[in-house]
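Colleague: Starting off with a structure, shown below.
The values are calculated or read from the model by the stated rules, or taken from the named source; none is laboratory data. Note that the structure is a prediction, hence the values are computed from the model and not measured. Cβ: placed from backbone, ideal geometry, glycine included. Neighbour counts: every protein chain shown. Each accessible area value is taken on the protein alone, full model and side chains, heavy atoms only, with ligands, DNA and RNA left out. Shrake-Rupley method; radii C 1.70, N 1.55, O 1.52, S 1.80 Å.
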Amino acid sequence: MRKLFIPLGGLSLAIGIAHAAGAVLDMDLMQSVEDANKSLASNIALRDAAASTKDAQELHELFKTVEGHYQAKPDAPDGLELSRKSLTLTKKIQDQVGGKDFDGASDSATELSRTCRACHTFYKQS
């Protein structure tokens, strides 16, 4: 009987480690979003089209991951809606920067920041 408990204990430990690693990944993801968002705002203000486009593309990819996270959580419809809004905004920013509409891109980046804050209101990190 003892041998049975060792593998089960190991399985339990592995599940715990995997869950903890997932939490760290989420924090890393959110930190990446925050860093890219700050960089985007700065690059738009500097009217740096190449850097702004790169930041908006990076954010778009990050928000695809966030969307996937909330798609898997049927009890989080606000998160799914806000992640999709963020995807729309990052695409819009890319288009605005491509058209040299930095004022419009700035407005969209501000709306993106508000969308992030709204999501954090619904899903506070503990």
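Colleague: Excluding residues fewer than 8 places away in the same chain, name every one of the lysines whose C-alpha is closer than 30 Å to that of K73.
Modeller: Partners within reach: K38, K54, K64, K85, K91, K92, K124.
Colleague: Here is a follow-up. With every protein chain left in place, what is the accessible area of L112 in Å² (1.4 Å probe, nearest 10)?
Modeller: Accessible surface of L112 is approximately 0 Å².
Colleague: Compute and list, largest first, the equivalent-ellipsoid semi-axes of the stretch 19-109 from the alpha carbon gyration tensor, each √(5λ) rounded to a whole angstrom.
Modeller: Values for the stretch 19-109, descending: 26, 15, 8 Å.
Colleague: Using a 1.4 Å probe on the protein heavy atoms only, what accessible surface does S32 show? Give it in Å² to the nearest 10.
Modeller: Near enough 40 Å² of accessible area.
Colleague: Identify, among V66, L29, T115, the residue whose Cα sits farthest towards the positive end of the charge dipole of the stretch 18-126, taking +1 on the Cβ of Lys and Arg and -1 on the Cβ of Asp and Glu, with the dipole about the Cα centre.
Modeller: T115
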